[in-house]
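Enquirer: Following this message is one structure expressed as structure tokens.
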Amino acid sequence: MSETSKLKPGHIQGETGVWEMVIGLEIHAQVSSKSKLFSGASATFGAQANSNVSLVDAAMPGMLPVINEYCVEQAVKTGLALNAQINNISVFDRKNYFYADLPQGYQISQFTKPIVGEGEINIDVDDNNQTTIGIERLHLEQDAGKSLHDQHPSKSYIDLNRTGVALMEIVSKPDIRSPQEAGAYVKKIRSILRYVGSCDGNMEEGSLRADCNVSVRKAGEEFGTRCEIKNLNSIRFINQAIQAEAERQVEILESGGEINQETRLFDTSTGETRSMRSKEDAHDYRYFPDPDLLPLEFTDSFVQDIKDKLPELPDFVKKRLVNEYGITPYDASILVEEKDYVNFFEKAATGGDGKLTANWMISELFGALKKENLLLSNSPISPETLGELIGLISKGIISGKIAKDVFSEMMISSKKPSDIVKEKGLEQVSDDKEILKLVDKVIADNQDKVKDYLSGKDKLFGFFVGQVMKISQGKANPGLVNKMLKENLK
Amino acid sequence: MSDLLKYDLLGASEAIKSKEISSVELTNAYIEAIEKTSSLGAYLEIVKDKALEMAKVSDENISKGVSRPLEGLPIGIKDMFCTKDIKTTASSKILDNFYPTYESTVTQNLWNDGAVMLGKLSCDEFAMGSSNETAAKGNVINPWLKHKKMSPGGSSGGSAAAVAARSALAATGTDTGGSIRQPAAFCGITGLKPTYGRCSRWGIVAFSSSLDQAGPLTRTVSDAALMLNSMASYDKKDSTSANLNMPDLMSYLGNSIKGKKIGIPKEYTQDGISDDIVNFYQKSINWLKEAGAEIIPVSLPHTKYALPVYYIIAPAEASSNLARYDGVRFGQRKEASSLDEMYEATRGEGFGDEVKRRIMIGTYVLSSGYYDAYYLKAQKVRRLIKEDFENVFKKVDYILTPSTPTTSFELGKKQDPLTMYLNDIFTVPASLAGLPGISLPIGLDKLGLPIGIQLIANSFDEPGLISTAHVLEKSADFNFIADGAAK
């Protein structure tokens, strides 16, 4: 165990040496659009089964797809945010296969000429390290419907509400080397999508899902044979699935076996992956350009207009937060994960100490919200009240310790911190004379400890500070207490 | 013969407008004609009540002084067009019980313009065929030499037969590789395939999306102009529809073609064309010359690849377009114990042999490992065929060719699919290039079967096509009536 704990993330200690993971991700992001990619039907989540189905979605005879321009804009916007090549001419292809929840018998997707080409993004691996992950492509495609197999003993039910909803498939290069990086990559993509507003990134509702391609190799060797794990809908599952799959592959390889290229599913109850279909059973999708749709063409100015309207992106905001507020890059990377966080932070930090605000938000507020199972948008503490609290601390009106009590009270009552401080008389005592009285009392009451201290037991200094704070009920200004104790303990 | 049947579309329109006849009278005459000619099997569905209701509205309009372009004119609709609440089967068993909840754009345009709907006309199953023999409900009989049971051609065989038999004043058709022009030629009537994109494909059962185009089958060139005026429209619901205004085609009738250049492609005078057709082809050339046109020999060198290219691209698209007929949401379903078995049973029973053959070919040419050699190569050659035409149209205004290599054949005689495919040898190239073409009758062969001639124009030059065809029509003065027509 101690040996494995020394391993770098993404490395597996086998009998024959250390193995490295090679991971590529295909993220399916549902475009935040009111209507579907090729039909006017609503794309809203959670409607009654088969209520958002147009004639086109149901593939009635003679029905034809018409591209939703809004979805095209979202794809271009996202491509720009991924620092990627935008292809002014792209082509929709048909991916042919039979399934009950695929009414047309084909999915309209983009195969050889996607709307967005190569790009790259930076991810934060840990506090100090960033790495770059290449983007292979982004293309637009239709989602399929949903098969419900548990509604009837011998029949399957089909819900076509999701049929034809626009997806962006974002394919990474095989640049990811650990489950942690995979998680960071997904988080980064999700935050970019949310910043530009092209996808809500909601993994629970399935608007963001990932397929993971995993292989293992010894350092410096060629890529191994990969397996694809389909349809993972949380970062935790992505982590677990990659780890489990890589371990499975190492075990096979080390016992002299070979990896079969195949599609696998992750069983969340066992934490293992299992085979879904082998390469031999893989569909021949018979891709060909959809003759119902002309090639998708747009001008440079169409792209430029979108570029001009692009909002600040996470990397930019992060740099700005570090520069403007002096917070650490790591704290900044947490805050930029969500646009909400940044907005909250910037409001709370007005007029106060940025660094202190970041600390309070990340460790206290996020912790408290998590405990209460609340989102930041439902926080009982507003950016204004948190800002006020930070102000009270930095002006020395209350101590950090008292602030925590005030904070707890704010979580319950939503009261202003100044009101709580006033009501409870929690103002910090910063009056020299008051504090000197307390210091004198503590020194007088603990003469034996004073002797020990003066004979060299420096560690006892903390004890005196604690005593003063205690009899002041935490209200004494800790800086002044320190200073006066030092002056008087001689 | 009922006097009312003698009117062609334009004539009937004038008679209705001048209140010489009423639409109800005319419609009744056609309903009677449909009954009299029912042995031809042209109609799959007759909507008598609806027809009379529409005719009544037209008569009321006329009495109020309102008259839309096709006011009160009874026409038939090929079963490839989805018609609201009226059974639409594409002549296939798999759609045996399909009642669309929507109306195709083209038919809606016709109803908006006052046309009266008589019913749905038979065709080859999913428009795949050149003899109307692949229709699930059986073949249609050509009204010409009725006793000999000749093929009306296909796939718009029911439409052509109905117009020739005078059981419809005009009809709609769809043309993918010749499905309007070839049956028009076989049945001695006029058939016009517009430029790809002229008519919306919305609501037309898809066969081959990059080729399918709706058009009229009529007695005369003027009638074709009148019908196409209404059928054509830009439609946002069809992404391949052309955003171009169609000029009023009626105003191009009677235009002189003096000085116009007519191209005669040397590749179209090959072996296997019947002597009678060769003779009438020459006659047509002479008529155009007499009308002041200049005849110019041209070459379309890639024409010889047109059929193989067509029989790769059309089946490829069809194999995908027909995937939706899976027994899940509409049409016939054969129950089975698993999903795959249900598909197999449903499609195995629902599709006929020709449709299955083309699905198989299409699936094959798109398969990985074969895609490049077949589909991709075919697309490249299609481009070359298109370029051939582009080059020729730099030199000439129109191209004249026979419509078909032979006149109609006896039903059941052409069993070999490849021989059958040769029927479309003159019509397929223009389809691949997306160009408008018209076939009009110019004479009868020795047996007494109609011969058609084809004019091809440059993209969106339907007006010029109409002018030229109109001149040719006058010269040919084809005024024979099929022996099997309603009397």
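The values are calculated or read from the model by the stated rules, or taken from the named source; none is laboratory data. Quick caveat, the model's predicted, so the values are computed rather than measured. Glycine gets a Cβ as well: all are built from the backbone with ideal geometry, and neighbour counts include every protein chain shown.
Enquirer: When you scan the range A:141-192 for strands (runs of 3 or more DSSP E) that lie fully inside it, which ones turn up with 1 or more residues that are within 14 Å of chain B (Cβ to nearest Cβ) and over 18 Å from A:ASN231 (Cβ atoms)?
Expert: Passing ranges, in order: A:157-159.
Residue-wise test of (1) modelled with pLDDT of 95 or more; (2) over 30 Å from A:LYS77 (Cα atoms); (3) among the acidic types (Asp, Glu); (4) not in a loop (DSSP other than H, G, I, E, B).
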site: A:GLU3; (1), (2), (3), (4): no, yes, yes, yes
site: A:HIS28; (1), (2), (3), (4): yes, no, no, yes
site: A:SER32; (1), (2), (3), (4): yes, no, no, no
site: A:THR44; (1), (2), (3), (4): no, no, no, no
site: A:ALA47; (1), (2), (3), (4): no, no, no, no
site: A:VAL53; (1), (2), (3), (4): yes, no, no, no
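Enquirer: Can you find a residue in the range A:370-382 that is touching a Ser or Thr at 6+ places or on another chain (Cβ under 8 Å) and buried (at least 21 other Cβ atoms within 10 Å of the Cβ)?
Expert: Taking every residue of the range A:370-382 in turn, at least one turns out to be touching a Ser or Thr at 6+ places or on another chain (Cβ under 8 Å) and buried (at least 21 other Cβ atoms within 10 Å of the Cβ).
Enquirer: For the range A:267-295: of the residues being of a type in the set (Lys, Arg) and farther than 13 Å from A:ALA244 by Cβ, which is nearest to the chain's Cα centre (by Cα)?
Expert: Out of the qualifying residues, it is A:ARG277.
Enquirer: Still on this structure: Based on what the data block shows, is B:SER58 within 14 Å of chain A (Cβ to nearest Cβ) and among the polar types (S, T, N, Q)?
Expert: Answer is no for this residue.
Enquirer: Does the range B:84-104 contain any residue that is touching a strand residue (DSSP E or B) at 6+ places or on another chain (Cβ under 8 Å), surrounded by 24 or more Cβ atoms within 10 Å (Cβ to Cβ), over 21 Å from B:ALA323 (Cβ atoms) and within 14 Å of another protein chain (Cβ to nearest Cβ)?
Expert: No, every residue in the range B:84-104 fails to be touching a strand residue (DSSP E or B) at 6+ places or on another chain (Cβ under 8 Å), surrounded by 24 or more Cβ atoms within 10 Å (Cβ to Cβ), over 21 Å from B:ALA323 (Cβ atoms) and within 14 Å of another protein chain (Cβ to nearest Cβ).
Enquirer: Taking A:VAL317, is it in contact with a Phe, Trp or Tyr (Cβ under 6 Å, 6 or more places away or on another chain), more than 30 Å from B:TRP202 (Cβ to Cβ), hydrophobic (A, V, I, L, M, F, W, C) and away from chain B (no Cβ under 14 Å)?
Expert: no
Enquirer: Here's another thing I want to ask about it. Looking only at residues in the range B:344-379 that are within 22 Å of A:LEU55 (Cβ to Cβ) and not small (Gly, Ala, Ser), which one is farthest from the other protein chains (Cβ to nearest Cβ)?
Expert: B:THR346
Enquirer: Go through (1) at pLDDT 85 or above; (2) touching a helix residue (DSSP H, G or I) at 6+ places or on another chain (Cβ under 9 Å); (3) assigned to a helix (DSSP H, G or I); (4) assigned by TED's automatic domain parsing to the domain that holds A:LEU321 for A:ILE443 and report which single condition fails.
Expert: Status for A:ILE443: all satisfied but (4).
Enquirer: For the structure I just gave you, tell me whether B:LYS48 is surrounded by fewer than 24 Cβ atoms within 10 Å (Cβ to Cβ), of a type in the set (Lys, Arg) and within 21 Å of B:THR88 (Cβ to Cβ).
Expert: Details: surrounded by fewer than 24 Cβ atoms within 10 Å (Cβ to Cβ): yes; of a type in the set (Lys, Arg): yes; within 21 Å of B:THR88 (Cβ to Cβ): yes.
Here the answer is yes, as B:LYS48 does meet what is asked.
One line per residue, one yes/no per condition, for (1) closer than 22 Å to A:GLY387 by Cβ; (2) surrounded by fewer than 11 Cβ atoms within 10 Å (Cβ to Cβ); (3) out of contact with any Ser or Thr (no Cβ under 8 Å at 6 or more places or on another chain):
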| residue | (1), (2), (3) |
| --- | --- |
| A:SER414 | yes, no, no |
| A:PRO417 | yes, no, no |
| A:LYS433 | no, yes, yes |
| A:LEU436 | no, no, yes |
| A:LYS441 | no, no, yes |
| A:ASN446 | no, no, yes |
| A:LYS449 | no, no, yes |
| A:LEU454 | no, no, yes |
| A:ASP458 | no, yes, yes |
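Enquirer: For the range A:282-375, give me every one of the helices (runs of 4 or more DSSP H) that falls completely inside it and has 3 or more residues that are modelled with pLDDT under 95.
Expert: In the range A:282-375, the matching helices (runs of 4 or more DSSP H) lie at A:314-325, A:329-336, A:339-348, A:354-359, A:366-372.
Enquirer: Do you know which residues across the range A:76-108 are within 11 Å of chain B (Cβ to nearest Cβ) and either among the hydrophobic types (A, V, I, L, M, F, W, C) or out of contact with any strand residue (DSSP E or B) (no Cβ under 9 Å at 6 or more places or on another chain) (or both)?
Expert: A:PHE92, A:PHE98, A:ALA100, A:LEU102, A:ILE108
Enquirer: I'd like to know if the range B:404-420 contains one or more residues that are touching a Pro at 6+ places or on another chain (Cβ under 9 Å), part of a helix (DSSP H, G or I) and crowded, with 17+ Cβ neighbours inside 10 Å.
Expert: Looking for residues that are touching a Pro at 6+ places or on another chain (Cβ under 9 Å), part of a helix (DSSP H, G or I) and crowded, with 17+ Cβ neighbours inside 10 Å, one finds none in the range B:404-420, hence no.
Enquirer: Something else: Here's a check for you: in the range B:310-326, which residue that is of a type in the set (Gly, Ala, Ser) and in contact with a Leu (Cβ under 8 Å, 6 or more places away or on another chain) is farthest from the other protein chains (Cβ to nearest Cβ)?
Expert: So, considering only residues that are of a type in the set (Gly, Ala, Ser) and in contact with a Leu (Cβ under 8 Å, 6 or more places away or on another chain), the one farthest from the other protein chains (Cβ to nearest Cβ) is B:ALA314.
Enquirer: Please go through the range B:198-213 and pick out each residue that is within 7 Å of another protein chain (Cβ to nearest Cβ) and over 20 Å from A:LEU55 (Cα atoms).
Expert: B:SER210
Enquirer: Test A:GLU280 against the stated conditions and say whether it is over 26 Å from A:LEU82 (Cα atoms), more than 14 Å from chain B (Cβ to nearest Cβ) and without any contact (Cβ under 8 Å) to a residue 40 or more places away in the chain.
Expert: no
Enquirer: Among the residues of the range A:262-281, how many are charged (D, E, K, R) and part of a strand (DSSP E or B)?
Expert: Adding up the residues that qualify gives 6.
Enquirer: OK, next. Check A:ASP331, A:ASP353, A:ASP300 and return the single one that is loosely packed, with under 13 Cβ neighbours inside 10 Å and away from every other protein chain (no Cβ under 14 Å).
Expert: Only one candidate qualifies: A:ASP300.
Enquirer: Of the residues B:ASP477, B:ASP445, only one is under 22 Å from B:THR269 (Cβ atoms), among the charged types (D, E, K, R) and modelled with pLDDT of 95 or more; which?
Expert: It is B:ASP445.
Enquirer: Can you tell me which residue within the range B:466-487, out of those that are among the acidic types (Asp, Glu) and touching a residue at least 60 places away in the same chain (Cβ under 8 Å), is nearest to B:ALA224 (Cα to Cα)?
Expert: B:GLU473
Enquirer: Turning to a different aspect of this structure: Considering only the range A:239-262, state which residues are under 24 Å from A:MET168 (Cα atoms) and either surrounded by fewer than 20 Cβ atoms within 10 Å (Cβ to Cβ) or in contact (Cβ under 8 Å) with a residue 60 or more places away in the chain (or both).
Expert: Across the range A:239-262, the qualifying residues are A:ASN239, A:ILE242, A:GLU262.
Enquirer: Which of the residues spanning the range B:329-341 are facing another protein chain (nearest Cβ under 7 Å) and either modelled with pLDDT of 95 or more or not in a loop (DSSP other than H, G, I, E, B) (or both)?
Expert: Within the range B:329-341, B:LEU339 is the sole residue that qualifies.
Enquirer: Just checking, which of B:ASN132, B:ASN97, B:ASN109 is polar (S, T, N, Q), assigned to a loop (DSSP other than H, G, I, E, B) and farther than 20 Å from B:TYR421 by Cβ?
Expert: Criteria check complete, one pass: B:ASN97.
Enquirer: Here's a follow-up. Of everything in the range B:58-86, what is farther than 23 Å from B:LYS6 by Cα and assigned to a helix (DSSP H, G or I)? Give them in sequence order.
Expert: Within the range B:58-86, B:GLU60, B:ASN61, B:SER63 meet the criteria.
Enquirer: May I ask you to verify whether A:LYS415 is among the basic types (Lys, Arg), under 36 Å from the mean Cα position of the chain (by Cα) and over 20 Å from A:ALA358 (Cα atoms)?
Expert: yes
Enquirer: Now for a different question. Would you tally the residues in the range A:36-75 being more than 14 Å from every other protein chain (Cβ to nearest Cβ), touching a strand residue (DSSP E or B) at 6+ places or on another chain (Cβ under 8 Å) and among the polar types (S, T, N, Q)?
Expert: Counting residues in the range A:36-75 that are more than 14 Å from every other protein chain (Cβ to nearest Cβ), touching a strand residue (DSSP E or B) at 6+ places or on another chain (Cβ under 8 Å) and among the polar types (S, T, N, Q) gives 3.
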